[in-house]
């Protein structure tokens, strides 16, 4: 019997309960799950120009994801530096990330997200994998990283940040 492998990637800016839910769902559905945090992408660098919260720093996010991944025997965690995943216009190109992801996940059965709009990219990049959309309508945890970063009071953010 072959091992069922899942992949879940993101910036995790910040790591929040919706991310934890997706990690938990994938860990229960797969024999092996690979979590990849993408760092130094253009979107991340733009966010960091206007947000200086500790929870958004690379170091903090790495520490939090390492803690979470240690809770599961079947989850591993890697970092991909997107510094060189840009075209000549400076745009971050997901297709340039694909071979870097494949170094850690050569074959996958499932790719996880909460965003249906990623489906076309996933079909192209990981054609063998089924895109599993977890909590698309944010029913379990009605939050996103964009919403957290938009909150004005740090105390409100603490309700959602890990």
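Observations
- The stretch 141-162 - residue that is outside any helix (DSSP H, G or I) and surrounded by 14 or more Cβ atoms within 10 Å (Cβ to Cβ) and, of those, modelled with the lowest pLDDT: 160
- Taking the stretch 1-54 as the range and being part of a helix (DSSP H, G or I), touching a residue at least 12 places away in the same chain (Cβ under 8 Å) and in contact with a helix residue (DSSP H, G or I) (Cβ under 7 Å, 6 or more places away or on another chain) as the test, the residues that pass are 20, 23, 47.
- Number of positions in the stretch 73-97 that are farther than 21 Å from residue 59 by Cα and modelled with pLDDT of 95 or more: 2
- Qualifying residue in the stretch 61-77 (condition: closer than 20 Å to residue 121 by Cβ and assigned to a strand (DSSP E or B)): no
- Residue pairs meeting the criteria (Cβ under 7 Å; at least 6 apart or on separate chains; first within 12 Å of residue 10 (Cβ to Cβ), in the stretch 103-120; second in a helix (DSSP H, G or I)): 111/122; 112/22; 112/26; 114/18; 114/22
- When residue 96 is tested against (1) in contact (Cβ under 8 Å) with a residue 12 or more places away in the chain; (2) within 19 Å of residue 43 (Cα to Cα); (3) in a loop (DSSP other than H, G, I, E, B), only condition (3) is not met.
The values are calculated or read from the model by the stated rules, or taken from the named source; none is laboratory data. Remember, predicted model here, so these are calculated numbers, not experimental data. Methodologically, a virtual Cβ is constructed for each residue, glycine included, from the backbone with ideal geometry; neighbour enumeration extends over all protein chains shown.
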